[in-house]
Structure formats: C-alpha cells, structure tokens
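These notes concern the structure reproduced below.
The values are calculated or read from the model by the stated rules, or taken from the named source; none is laboratory data. If you're wondering where the values come from, they're calculated on a predicted model, not measured in any experiment. Every residue, glycine among them, receives a Cβ derived from its backbone with ideal geometry; neighbour counts consider all protein chains shown. Only protein heavy atoms, including side chains, enter the accessible area calculation; ligands, DNA and RNA are left aside. Shrake-Rupley method; radii C 1.70, N 1.55, O 1.52, S 1.80 Å.
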Amino acid sequence: MYDSALEQMLAAEALGYSSAWIAEHHFATSYGIMPDCFAYMAYLAAKTSHIKIGAAVITLPLYDPIRVVENTSFV
C-alpha cells in the first residue's frame, strides 16, 4: 500500500499536480493503514521535489496539540 501511494505521488508530481494530501487511518484493512501521517509525509517529501504535501486527516484527540503543530511545521 505504501509503495502504491508513493508511485501515485510521483506520478501526480510528474503530471504537474501542485499538492497531495495524506489521511490518517487506524485499523483499516480494506484501503490501508496510515498510523503516522508525519513520518510518511517526511518520507514523501524526501522522494519528491516540488509537490506540496499536506495532512487531510489527523485524529487530533490522540495527540498533544503542540506536537501536531511542531510536526506539521517540520514536515
């Protein structure tokens, strides 16, 4: 699933898309599991050159709000 998402991201960038959005999902087996958006967005940022990457869904009650802001800013 992660390799497929990376291929889609690279294809979107090559086609000129300006942004891509990552959604957090826990315990979902039918369409993928994304327990940590920030780690995956950092990985994607290292693999791409100009497409902007954002978090579409983050389950805020599971996190310290300051960490969400710091991690978003860092990525």
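Some values worked out for this structure:
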| read-out | value |
| --- | --- |
| Top-ranked residue of region 36-75 - restricted to ones that are part of a loop (DSSP other than H, G, I, E, B) and in contact with a strand residue (DSSP E or B) (Cβ under 8 Å, 6 or more places away or on another chain), ranked as modelled with the highest pLDDT | 51 |
| Yes/no for residue 33 being at pLDDT below 85 and either under 21 Å from residue 73 (Cα atoms) or open to solvent by 20 Å² or more (accessible area, probe 1.4 Å) (or both) | yes |
| Residue that is farthest from the chain's Cα centre (by Cα), among those in region 49-70 that are crowded, with 17+ Cβ neighbours inside 10 Å and closer than 18 Å to residue 11 by Cβ | 51 |
